[in-house]
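The values are calculated or read from the model by the stated rules, or taken from the named source; none is laboratory data. Because the structure is a prediction, the values reported are computed rather than measured. Please note: Cβ atoms are built from the backbone with ideal geometry, for glycine as well, and neighbour counts cover all protein chains shown. Keep in mind that these areas ignore ligands, DNA and RNA; they rest on the heavy atoms of the full protein, side chains included. Shrake-Rupley method; radii C 1.70, N 1.55, O 1.52, S 1.80 Å.
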Amino acid sequence: MSYPPSMTTSPTKLCPVCTGDGIIEWDVAIPMSFSNPSGYLVTKEEPCYECDGSGEVVDHDGTELDWIDY
């Protein structure tokens, strides 16, 4: 994935939450009921909360994002 050159000089790195996709996905379990004889999973997705969907986060000094587990 390539981006046009940025007008700022802030160093960025791939978002560790969405791994650069800009979208996070999760499964929601739909349980079984009287009208639904078997449960199933539905995949939901939304823009990443850490990078606001851009796929990159600003890393000013190389240590700002050390608290995030990869």
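Just a few scattered comments:
- Karplus (6.51, -1.76, 1.60) ³J(HN,Hα), θ = phi - 60°, over the range 17-29, in Hz, Gly and Pro reported as x: 7, 9, 6, x, 6, x, 10, 10, 10, 8, 9, 10, 7
- Taking amide H as placed 1.01 Å from N in the peptide plane, Ile24 has its amide H under 5 Å from the amide H of Glu46, Cys48, each at least 5 places away in sequence or on another chain.
- Label-point separation, Glu25 to Lys44 (7 Å along Cα→Cβ), nm: 1.6
- With every protein chain in place, the range 12-55: carbon and sulfur % of accessible area (1.4 Å): 56
- For Glu56, the residues 5 or more places off, or on other chains, whose built amide H falls under 5 Å of its own are Cys15.
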